[in-house]
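Single-structure report; data block below.
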Amino acid sequence: MAVVEVRGIRKMFGDVPAVDGVDLRTEEGEFLVLLGPSGCGKTTLLRMIAGLETPSDGEVFIGGESVNGLPPRIRKIAMVFQSYALYPHMTVFRNIAFPLKAEGLDRDEQREKVEWAAGLLDITRLLERRPRQLSGGERQRVALARALVREPDVFLLDEPLSNLDAKLRAAARDDLLEFQRRVATTTIYVTHDQVEAMGMGDRIAVMNHGKVHQFGTPEHVYNDPADTFVATFLGSPPMNLLHKGKYVVGFRPEQFLPESVANDGGATTGFTYHVNRVEYLGAERYLYGHVRGFDEETKVIAMLPVTVQVPITTDQDHRFAVASDKVRYFLTETGERVDPEMLQAPLRP
Amino acid sequence: MTTATTPRQPRYLLDNERVLAPLFMTPAVLYIIALVGFPFVLSIVLSLTDATVGNPTYDFVGLETFRRILFDDPVFRTALWNTFVFAVIANVLVVVLAKALAMVLVSDFRGKWFVRFLVLLPWTAPVSLATITWLWTLDSIFSPIDWVLRSVGLLDGNIIWLGKQNLAMSSVIAVHTWRIVPLAAVIMMAGLTSIPQEIRDASEVDGAGFWRKLFQITIPLMAPIIAVAALFGLILTITDMSVVFVLTRGGPTHGTQVLSTWAFFKGIEGGSLGQGAAIALFLFPVLVAVAALILRMARRREVL
């Protein structure tokens, strides 16, 4: 177990910064998620922590010691790759034993440890098979067993679930999380899937264009996004953003409710909502339309849970409202969030 | 309302695939029949007769010619042994050097394209021309190798590169290796780059050093491609006669004689068409068997 820390880390590919000055520090045994769209530098960051990529600038610490310049094999890390990267010419047993053999353990110790790891992941019956003969979920378990068997200080996981089909993915997510809690090893997990990030991460670092936009707990990044990028990247459908002069007003689709429902005692902010289209999705209704009184006609989505039965007619204005403490404000220029008290002019539409 | 009838495009004979396909294939088939098939059949026929240039009557003698070259011709046995030694040593060298070279060529460094260009050069030169430059390089009096060795004081006099049995054999093997390594290296480069990056990364994270990675990951994963490269090398060395012909003409006293040169000397220069054909065909079944074996191995490893 160890704390991983990166300081001012940067990676240039030619003139393009893939990772552009990132500072992060995990807690002991934490499950940290690097979340961002493809090309945001999250995998490059992970590979620099692993030692597979040399940083152009900055430092990596594992367990308090600088590991700059050290090759992957002496960093006491284990990595699970997107494709699992099992060795196709070896049996499952030999795959899992490979890191042990490289460490120079004798045969009996190897066998003992492989059996322990295989037992933990429930793949003992697969030991004599080859990767080709395994299903996606089984391959993932073998990859995890291979990572686990050396008892590393840190797990690095690079989108390990993205090759599984949707149904299997939910189950695998559950298994992975339970497994991580059991071994309590510091884990850094890269994904572009916000549902995975929200569901698994103790903390999430949201990245874009090589920079960390926000680093915090899932609740924190979801409720108080640091800027408009985080606000729109997290949440499905994303946060509604309305422009007005120097500021951007934001609120989540599920907070945007008919005035009669929204008013539960606290202060509310009201809007005139013109609904164009209603989508019935069983558990909820999605409303598509726009709000009057802002710089341009921005599309606004409202998500009404099935418990809100108010009839909504299309092509008509409705009075909608958001609880005032759920409204977020951002600067138009930089996209950064600002405190409501700092606002220069009231933004009531 | 009038329905606009588009005028029907005329149908050409070439629109018909049953005409077009044979038409496209004909040149290749004709070429193979005329330049490979016919000579091959002719050599089989010749090997079963006692035809000579002076007496080109095709008198059928069965396997008598084969019996004679095998038991009554000591040079044939030397040539057979030489062919074997020569093919095996040259190809072991080719596989090892080409693998090393391929690893250098796939890595990233400054001036990579220039090195690749230089490495491929031997392959682009015609065999006989390239061999003639080697003939000069290995000349018994004017060899630049000797000259360099003399000027640094390692040598007194001359090395008779092509005039002594072992040296001549080594020279022939070296020239052949030099010629085939580029091809094998290019084939192996393809094999190397087909190994997924993540597998290499995984082995590195798993703690494998250079040699472990080489012998337990890259070589096993490349085995089918290495087998194909070795097969090409084997066939190219066994069937080639120009290197030996230009460098030593089989000498000294048949010391570097191989089957292809001996077939030429016997059949064309000596005029014994039947015997020449029999010598040339002698290794055909062996080559077919080796090729089939290697290709099967390569396929099995792919399926795994």
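Here the dipole of the protein assembly as shown is about 1940 debye; that uses its Cα centre as origin and unit charges on the Cβ of Lys and Arg (positive) and Asp and Glu (negative).
Using equal-weight Cα scatterers in the Debye expression, the normalised intensity of the range B:5-104 in log10 at q = 0.13, 0.21 Å⁻¹ is -0.84, -1.08.
Viscosity 1.567 mPa s, temperature 4 °C: what is the translational diffusion coefficient of the range B:48-303 from Stokes-Einstein with a Kirkwood Rh over Cα pairs, rounded to a whole number of µm²/s?
Estimated diffusion coefficient is 63 µm²/s.
Amide hydrogen proximity for A:G29: with H placed 1.01 Å from N in the peptide plane, the residues at 5 or more positions away or on another chain lying under 5 Å are A:A2, A:T186. This model, with +1 at the C-beta of Lys and Arg and -1 at the C-beta of Asp and Glu, gives the range A:237-342 a dipole about its Cα centre of some 100 debye. Across the cross-link table entries B:K99/B:K266; A:K11/A:K76; A:K167/B:K213; A:K211/A:K246; A:K246/A:K299, which are compared at the Cα atoms, the separations over 28 Å belong to B:K99/B:K266; A:K167/B:K213. Treat each spin label as a single point 7 Å out from the Cα along the C-beta direction, and report the B:A291 to A:N223 distance in nm. Placing both labels 7 Å beyond Cα along the Cβ direction yields 7.5 nm.
When chain B is treated as a GNM with alpha-carbon contacts under 10 Å, the residue of B:V94, B:V127, B:V288 showing the greatest mean-square fluctuation is B:V288.
Here the spin labels are modelled as points 7 Å beyond Cα on the Cα-Cβ line, and at A:D57 and B:R67 they lie 8.7 nm apart. Suppose we look only past 19 Å in the calculated P(r) of the range B:76-210. What percent of the Cα-Cα pairs does that tail hold? Value for the range B:76-210 (Cα pairs over 19 Å): 64 percent. How many angstrom lie between the Cα centre of the range A:223-282 and the Cα centre of the range B:219-279? One Cα centre to the other: 81 Å. Amide H contacts under 5 Å for A:H318: A:Y273, A:H274, A:V275, restricted to partners 5 or more places along the chain or on a different chain, H placed in the peptide plane at 1.01 Å from N. Estimated from helices alone, the mean residue ellipticity of chain B at 222 nm is -21500 deg cm²/dmol (sum of -39500 (n - 2.57) over DSSP H runs with n ≥ 4, per residue).
What's the exposure ranking of B:T261, B:T193, going from fewest to most Cβ atoms within 10 Å? The partial results should precede the final answer.
On the way: B:T261 24, B:T193 12.
Arranged by neighbour count, lowest to highest, B:T261, B:T193 become B:T193, B:T261.
Note on the range B:167-300: along the principal axes its Cα atoms extend 65, 32, 18 Å, ordered by decreasing extent. Evaluating 6.51 cos²θ - 1.76 cosθ + 1.60 at θ = phi - 60° for every residue in the range A:18-29, the Karplus couplings come out as 7, 10, 10, x, 10, 10, 8, 8, 8, 8, 4, x Hz, glycine and proline recorded as x.
Peptide A:80-90: average number of partner chain Cβ atoms within 10 Å per residue? Intermediate results must be reported in sequence, preceding the final value.
On the way: counts 2, 7, 1, 5, 3, 10, 3, 8, 7, 8, 4.
The shielding value for this peptide is 5.
Overall, the range B:158-289 carries a charge dipole of about 420 debye about its Cα centre when +1 sits on the Cβ of Lys and Arg and -1 on the Cβ of Asp and Glu, all other atoms neutral.
Of the GluC sites (Glu not before Pro) found in the range A:280-313, the ones in coil according to DSSP and having at most 10 other Cβ atoms within 10 Å of their Cβ are A:E296. Note that the range A:99-115 has calculated 3J(HN,Hα) couplings of x, 6, 4, 5, 7, x, 6, 7, 4, 5, 4, 4, 4, 4, 5, 4, 5 Hz, one per residue in order, obtained from phi through the Karplus relation 6.51 cos²θ - 1.76 cosθ + 1.60 (θ = phi - 60°); glycine and proline are x. For the listed peptides A:112-120, B:79-87, A:93-101, a ranking on the average number of other beta carbons within 10 Å per residue, highest first, reads A:93-101, B:79-87, A:112-120. As a rough footprinting exposure proxy, the listed residues A:V327, B:V96 were ranked by other beta carbons within 10 Å of their own, and the order from fewest upward is B:V96, A:V327.
Projecting each Cα onto the charge dipole of the protein assembly as shown (Lys/Arg +1, Asp/Glu -1 at the beta carbon, about the Cα centre), which of A:A197, B:T193, A:Y280 comes out farthest on the positive side? Working it through, the farthest residue towards the positive pole turns out to be B:T193.
With all pairs of different C-alpha atoms in the average, the Kirkwood value for the hydrodynamic radius of the range B:54-107 is 14.8 Å. Taking amide H atoms as placed 1.01 Å from N in the peptide plane, the amide H of A:E53 lies under 5 Å from those of A:M48, each 5 or more residues away in sequence or on another chain. For the range A:78-94, putting each phi into the Karplus relation 6.51 cos²θ - 1.76 cosθ + 1.60 with θ = phi - 60° gives couplings of 9, 10, 10, 9, 4, 8, 6, 6, 6, 7, x, 8, 10, 5, 4, 4, 5 Hz, in residue order, rounded to whole numbers and with x for Gly and Pro. Among the trypsin sites (Lys or Arg not before Pro) found in the range B:1-74, those both in a DSSP coil and sparsely packed, with 12 or fewer other Cβ atoms within 10 Å of their Cβ, are B:R8, B:R11.
Taking label points 7 Å from Cα along the Cα-to-Cβ direction, A:E112 and B:T133 give a separation of 6.2 nm.
Taking Cα atoms of the protein assembly as shown, Rg/Rh with Kirkwood Rh, to two decimals? List each step's numbers first, then the result.
Details: Rg = 37.1 Å, Rh = 31.9 Å.
Checking Rg against Rh, the ratio lands at 1.16.
Once you've got the GNM for chain A with C-alpha springs shorter than 10 Å, pick whichever of A:T232, A:T44, A:T272 has the biggest mean-square fluctuation. Among A:T232, A:T44, A:T272, the largest mean-square fluctuation in the Gaussian network model of chain A belongs to A:T272.
Here the scattering of chain A is modelled by Debye summation over its C-alpha atoms, one equal scatterer each and no solvent; at q = 0.11, 0.12 Å⁻¹ the log10 of I(q)/I(0) is -0.82, -0.92.
Projected over every direction and averaged, the convex hull enclosing the alpha-carbon atoms of the range A:237-342 yields 6.7 nm².
Anyone know which of A:A283, A:A166, A:A78 comes out most mobile in the 10 Å Cα GNM of chain A? Of the options given, A:A283 has the highest mean-square fluctuation.
All of the numbers you see were taken from the coordinates with simple rules; none came from a lab. In this text, all values refer to a predicted model and were calculated from it rather than measured experimentally. Cβ coordinates were reconstructed from backbone atoms using ideal geometry, including for glycine residues, and neighbour counts include every protein chain displayed.
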